[in-house]
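Here is the structure we will look at, set down as structure tokens.
The values are calculated or read from the model by the stated rules, or taken from the named source; none is laboratory data. What you are looking at is a predicted structure, and each value in this text was computed from that prediction instead of being measured. With ideal geometry, Cβ positions are generated from the backbone for all residues, glycine too; neighbour counts draw on all protein chains shown.
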Amino acid sequence: MLRFYVLAFFVLLSLNGVASPRYSDPDGCLSCHAYQGLDYIDAEGVLRSATIDRSHYASSLHGSVPCKDCHRNTVDYPHKVENTEVDCSESCHIEEPSEGVKYSHDVIHDEMDKSVHAGGWYKGLTGGNRLEEIATEQDPSCRRCHSNTLYIAETQLANFKEAFDHAETECGNCHQGKAWMGQFGGHILRRLIGRRWNNQENNQMCIDCHGDVDKMRDVEQEDPDTLAKHPPSDRFIHSAASYAKTLHGRLIADGSEYGASCIDCHAPAGWKHEIRSYLDPLSASHIEQLPETCGQSNCHTYSKKAINSGFTETDMHDLSLLGLTAFTNPFVDDDLQQSPWFWSSWPLLLIGVVFMIGSLIWWLFFRTTKKILPVVGGDRFERVMIGRKPKAARKKAAVKKTLKPPVATEVKTQLAENGTDEKGA
């Protein structure tokens with residue numbers, strides 16, 4: 001029995017020693033594509049490179065995946081563009097080691113189909129249609145968010161080294177050989193550090209699109225009930241800027257772990273691809289779902305209680321945070337136009353306009369006096385409230401008093417000439 005175990009041990013050890021390394025190229029694609037200077041000009045006149053850096057590819061997210069797992073129709077050389085297309089929803093040849101089944105993006109694709117980004121490309125992707133995608137598509141494709149960058153982001157290297165500096169010692173006690181460490185350990189251990197991106201990088205992925213105000217103005221949104229297309233609201237257009245003003249946005253910008261990223265609120269469950277409209281009852285940001293969303297573990301757990309429901313109504317994209325207010329034209333408000341008060345106000349408005357025009361004409365052409373106070377009740381105010389004669393009456397009395405002495409003198413002169421006195425004697 002002991003001999004059997006020893007023999008089995010050496011057999012397993014030999015199999016592990018000859019296992020295909022993670023950085024294999026079973027399809028032989030790098031025989032050509034690893035050469036430097038494989039540049040060409042495409043049909044659009046754009047200079048492109050067909051060179052693949054072997055080390056960068058090996059350390060990328062798909063470093064364990066053979067080229068033809070994605071480029072399945074690439075058989076002949078030279079390649080035709082239509083034969084290099086990639087469908088991101090297809091399964092891979094890589095088997096998940098703990099379950100022994102082929103890995104597939106079908107679950108992620110199903111989530112994406114339910115999201116507001118469902119129109120983004122996931123098939124037909126080639127190296128030559130990136131410009132077409134950017135110019136014509138408003139929804140992001142798989143590669144718009146998931147570029148095949150280095151598998152461990154530079155910002156995560158310190159965390160990875162600190163958490164798994166024991167990988168080659170503790171894990172290596174049982175799992176011997178570079179093949180295992182490269183193909184399985186290199187994949188699994190990196191996954192164990194959590195998300196590939198921190199919250200700042202998560203947000204930046206969203207801001208790359210939603211922070212472009214001009215681009216957001218060109219977005220066509222769809223009404224969930226009528227499916228009619230309509231322009232986006234100002235709240236949508238400035239969503240990235242308004243979020244940055246909130247406490248969550250500021251905490252993440254400062255590198256704090258207590259802020260909530262865009263994904264934390266809009267897609268807190270699943271594979272993080274099911275970002276629905278906030279008007280969708282199943283959306284994590286729908287008003288009825290906010291208590292559960294805000295009450296996630298390590299977040300505002302008290303928001304799940306009905307007494308605290310007002311807390312969840314805080315608008316994370318309030319335009320007032322930017323000094324902007326959404327302008328609503330009252331003349332195109334359907335609810336307002338159906339109000340009887342709205343229509344009964346029109347005659348009053350017309351009368352007011354006529355009165356103003358008439359007053360202006362009178363003031364310019366028919367006014368005979370420069371006084372304005374008598375017109376608006378000035379005489380009555382002086383007589384009743386102040387207790388004195390109006391200004392016009394006072395002026396008339398003053399004129400009469402001024403004229404009286406000269407008249408009396410003239411009468412006496414005439415009487416003296418006639419030889420009579422004032423009494424007629």
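Just need a number here: residues in segment 29-48 that are among the small types (Gly, Ala, Ser) and either touching a Cys at 6+ places or on another chain (Cβ under 9 Å) or modelled with pLDDT under 85 (or both). Outline the logic, then answer.
So in segment 29-48, the residues among the small types (Gly, Ala, Ser) come out as 31, 34, 37, 43, 45.
Okay, now just the ones that are also either touching a Cys at 6+ places or on another chain (Cβ under 9 Å) or modelled with pLDDT under 85 (or both), so 43.
Of the residues in that region, 1 qualify.
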| remark: When Ala240 is run through (1) of a type in the set (A, V, I, L, M); (2) closer than 26 Å to His109 by Cα; (3) at pLDDT below 95, the failure sits at (3)
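Does segment 39-54 include one or more residues that are out of contact with any Gly (no Cβ under 9 Å at 6 or more places or on another chain) and in contact (Cβ under 8 Å) with a residue 24 or more places away in the chain?
Applying the first criterion (out of contact with any Gly (no Cβ under 9 Å at 6 or more places or on another chain)) to segment 39-54 yields 39-41, 45, 47, 52-54.
Remaining after also requiring in contact (Cβ under 8 Å) with a residue 24 or more places away in the chain: 54.
Within segment 39-54 (the criterion being out of contact with any Gly (no Cβ under 9 Å at 6 or more places or on another chain) and in contact (Cβ under 8 Å) with a residue 24 or more places away in the chain), the answer is yes, since at least one residue qualifies.
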| What single numbered condition from (1) surrounded by 14 or more Cβ atoms within 10 Å (Cβ to Cβ); (2) under 13 Å from the mean Cα position of the chain (by Cα) fails to hold for His273? | (2)
| message | Which of the numbered conditions does Ser59 fail, given that it passes all the others? Conditions: (1) surrounded by 13 or more Cβ atoms within 10 Å (Cβ to Cβ); (2) over 36 Å from the mean Cα position of the chain (by Cα); (3) modelled with pLDDT under 85. | response | (2)
| query | List the pairs whose first member sits in segment 353-366 and is in a helix (DSSP H, G or I), whose second member is at pLDDT 85 or above, and whose Cβ atoms are under 6 Å apart, counting only residues at least 6 apart or on separate chains? | reply | none
| Wholly enclosed strands (runs of 3 or more DSSP E) of segment 39-147 bearing at least 1 residues touching an Asp or Glu at 6+ places or on another chain (Cβ under 9 Å) | 47-49, 91-96, 101-104
| field | Single residue of segment 263-292 satisfying the filter (touching a Ser or Thr at 6+ places or on another chain (Cβ under 7 Å) and in a helix (DSSP H, G or I)) that is nearest to Glu111 (Cα to Cα) | value | His266
| note | With the first residue restricted to segment 258-277 and required to be touching a residue at least 60 places away in the same chain (Cβ under 8 Å), and the second required to be polar (S, T, N, Q) and in a loop (DSSP other than H, G, I, E, B), Cβ contacts under 7 Å at 6 or more apart or on different chains are His273/Ser115; Glu274/Ser115; Ile275/Ser115; Arg276/Ser115; Arg276/Ser283; Ser277/Ser283
| task | Looking at (1) at pLDDT below 80; (2) surrounded by 13 or more Cβ atoms within 10 Å (Cβ to Cβ), find the lone condition where Thr169 falls short. | result | (2)
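Would you confirm whether or not segment 110-133 contains a residue that is free of Cβ contacts under 8 Å to residues at least 60 places away in the same chain, touching a His at 6+ places or on another chain (Cβ under 7 Å) and of a type in the set (A, V, I, L, M)?
Filtering segment 110-133 down to residues free of Cβ contacts under 8 Å to residues at least 60 places away in the same chain leaves 110, 113, 118-126, 129-130, 132-133.
Remaining after also requiring touching a His at 6+ places or on another chain (Cβ under 7 Å): 122.
So of that shortlist, the ones also of a type in the set (A, V, I, L, M) come out as none.
No, there is no match, as no residue in segment 110-133 is free of Cβ contacts under 8 Å to residues at least 60 places away in the same chain, touching a His at 6+ places or on another chain (Cβ under 7 Å) and of a type in the set (A, V, I, L, M).
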